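What follows is a short report on a single structure.
The values are calculated or read from the model by the stated rules, or taken from the named source; none is laboratory data. Just so it is clear, the model here is predicted, and its values are computed rather than measured. Here the Cβ is made from the backbone with ideal geometry for all residues, glycine too, and neighbour counts use every protein chain on show.
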């Protein structure tokens, strides 16, 4: 399962930029990867883990701006079409998972 965070946060002054940066750095620290400007994705091994990240994002949303969170199965994510200019690119691969006993 993939969790996608899309956000539009203000950066009109120093305080707003700091809140934007703090939110973006939280996503990166939690293993999200940048897909596009203000669109970040993270692979989760299941629905419970995806819900954990949804709550984490909900708790971190700044008081201004908008954040949307979506969840996609691997099959749905794999059907994504990516166009870069005239090129067609494949979607990101599922990262390798470590199994600890």
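From the list 81, 96, exactly one residue is surrounded by fewer than 10 Cβ atoms within 10 Å (Cβ to Cβ), modelled with pLDDT under 90 and touching a strand residue (DSSP E or B) at 6+ places or on another chain (Cβ under 9 Å). Which is it?
The match here is 81.
Which residues, counting only those in the range 63-78, are surrounded by 15 or more Cβ atoms within 10 Å (Cβ to Cβ) and farther than 23 Å from residue 16 by Cα?
Across the range 63-78, the qualifying residues are 71, 72, 77.
For the range 16-36, what are the residues that are within 21 Å of residue 78 (Cα to Cα) and over 11 Å from the mean Cα position of the chain (by Cα)?
none
Can you pull out the strands (runs of 3 or more DSSP E) entirely within the range 1-62 that have at least 2 residues that are at negative phi and surrounded by fewer than 15 Cβ atoms within 10 Å (Cβ to Cβ)?
In the range 1-62, 33-36 are the strands (runs of 3 or more DSSP E) which contain 2 or more residues that are at negative phi and surrounded by fewer than 15 Cβ atoms within 10 Å (Cβ to Cβ).
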